[in-house]
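So the structure is just underneath, and the comments pick up after that.
The values are calculated or read from the model by the stated rules, or taken from the named source; none is laboratory data. In this text, all values refer to a predicted model and were calculated from it rather than measured experimentally. Neighbour counts are summed over all protein chains in view; Cβ atoms, including those assigned to glycine, are modelled from backbone coordinates with ideal geometry. All accessible areas refer to the heavy atoms of the entire protein, side chains included, with ligands and DNA or RNA removed. Shrake-Rupley method; radii C 1.70, N 1.55, O 1.52, S 1.80 Å.
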Amino acid sequence: MFGSIVDALDTLVEDAEQDIANAMLLVQVAKKRLQTLRRDDEWDMFVDKVSIFCIKHDILVPNFDYLYVNFRRSRRKPIDHIVFHHYRVEVFCKVIDWKFQELNDRFDEVTTDLLHGVSCLDPIDSFSSFDIRKIMKMAELYPDDFDESGMSALENHLASYIIDVRDFDERFSNLNGLSNLSKRLVKTKKHSVYPLIFLLVKLALLLPVATVTVERAFSEMKFIKNELRSRMDDDFLGGCIVPYVEREVFSTISNESIIQTFQEMKPRRVQL
């Protein structure tokens, strides 16, 4: 039950043809479905399914009216609830809370604002998803690129930009995806007219690459920091993992260059 909701969400979100706006709506749908599982009728349906499964496989169905006995707890502690309470509150509802928290952790407020901003920049269907407010919230996540004056200028550029590309310049019609938008901005030289918007488009295009790079680094970290090398500090770990992750780049560097660079870091008594 719980897994089917999350698995269905994963399948839909990972669909290459799925746009970000719909993906974020699907997250809200999954959260809503998880919340509805708390209702009494949903619980009764779940119990019926489990009971049918237990009977089919000759598994004893517990009596929910009996006092619940936890064999792991001390016998000195009194039994204070029945089997129904254990399975309904301590198992069923806890799993719902865990799944709900998992979705919140994966799609927190920052991630949501970022993805909504990216979806609003998408030119699909003649910029139908364009929303200045959501794009501004995305820009707030990049304070090094958009200071107070930059945010004011960006808002002004966005108001002019959407009228320009949607109502006047036919060269921006029938665009599909941020990649095509960035190419068209450069081709029409509007990247110099709206430099802050072009910067946001570039940042949005870099997101998938940055995400994959981080996931790749974490997946390959286990080869560097394993049971035999579990006590290395952060500096040593960083020095090991960068050449390993970027081994294609480092394979082009000769050993002589590395030795020379290492030797020039500070005076050494012995040459390598």
Legend entry - Residue list for the stretch 165-174, restricted to those being under 16 Å from LYS189 (Cβ atoms) and surrounded by 11 or more Cβ atoms within 10 Å (Cβ to Cβ): VAL165, ASP169, ARG171, PHE172
Legend entry - Members of the stretch 99-113 found to be part of a helix (DSSP H, G or I) and under 22 Å from LEU207 (Cα atoms), listed by number: GLU102, LEU103, ASN104, ASP105, ARG106, GLU109, VAL110, THR111, THR112, ASP113
Inset, instruction - Please find, within the stretch 224-272, the residue that is surrounded by the most Cβ atoms within 10 Å (Cβ to Cβ) out of those that are at pLDDT 75 or above and of a type in the set (Asp, Glu). - result: GLU246
Legend entry - Residue identified as out of contact with any strand residue (DSSP E or B) (no Cβ under 7 Å at 6 or more places or on another chain) and open to solvent by 40 Å² or more (accessible area, probe 1.4 Å) among VAL47, VAL95, VAL83: VAL95
Inset, instruction - Quickly run through the stretch 203-220 and pick out the residues that are surrounded by 13 or more Cβ atoms within 10 Å (Cβ to Cβ) and at pLDDT 70 or above. - result: LEU203, ALA204, LEU205, LEU207
Legend entry - Residues within the stretch 142-164 that are within 16 Å of HIS191 (Cα to Cα) and of a type in the set (Ser, Thr, Tyr), tallied: 2
Legend entry - Which numbered condition LEU103 fails, given (1) modelled with pLDDT under 85; (2) in contact with a helix residue (DSSP H, G or I) (Cβ under 8 Å, 6 or more places away or on another chain); (3) open to solvent by 50 Å² or more (accessible area, probe 1.4 Å); (4) of a type outside the set (D, E, K, R): (3)
Inset, instruction - Take ASP125 and decide whether it is at pLDDT 85 or above, of a type in the set (Asp, Glu), in a helix (DSSP H, G or I) and within 30 Å of VAL165 (Cα to Cα). - result: yes
Legend entry - Criterion violated by MET136 - all others in (1) farther than 17 Å from PRO195 by Cβ; (2) touching an Asp or Glu at 6+ places or on another chain (Cβ under 8 Å); (3) in a helix (DSSP H, G or I) satisfied: (1)
Inset, instruction - Report yes if some residue within the stretch 173-191 is modelled with pLDDT of 90 or more, outside any helix (DSSP H, G or I) and under 18 Å from LEU203 (Cβ atoms); otherwise report no. - result: yes
Inset, instruction - Return the total of residues in the stretch 108-164 being within 16 Å of LEU181 (Cβ to Cβ), buried (at least 18 other Cβ atoms within 10 Å of the Cβ) and of a type in the set (A, V, I, L, M). - result: 5
